[in-house]
Amino acid sequence: MNIDVARHVIRALFRSGRELEDLIPLLKENCETSEYEVYVKAIATALASIHLEIGNRITASHPALEQEIESTIKKYGRYL
């Protein structure tokens, strides 16, 4: 995969993560505690899996991308 496609995939990965994280307050307000805890754990598992299976593979293929991601997040608070 070329670097431009890799950047696009990483951005999609982060967007997906934000979408899932945005569900947490909604779930907390609308679920019983035990049900909420199950969903939060499932979301955390999904996020970890996405980052491990996709993000780590991409940064392993493009090591410089990891530093680019970190510096962009540090500067702007997100990967642009």
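Listed here are the residues, each with its yes/no results for (1) aromatic (Phe, Trp, Tyr); (2) under 29 Å from Met1 (Cβ atoms); (3) under 17 Å from the mean Cα position of the chain (by Cα).
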position	(1), (2), (3)
Tyr36	yes, no, no
Lys41	no, no, yes
Thr45	no, yes, yes
Ile50	no, yes, yes
Asn56	no, yes, yes
Ala60	no, yes, yes
> Pairs under 7 Å by beta carbon, first residue over 15 Å from Thr72 (Cβ atoms) in segment 1-27, partner aromatic (Phe, Trp, Tyr), six or more apart or different chains?
Replying inline: Leu27/Tyr36; Leu27/Tyr39
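Values in this text are rule-based calculations from the coordinates and carry no lab data. In this text the structure is predicted, and so the values were computed from the model without any measurement. Positions of Cβ are backbone-derived with ideal geometry, glycine not excepted, and every protein chain shown enters the neighbour counts.
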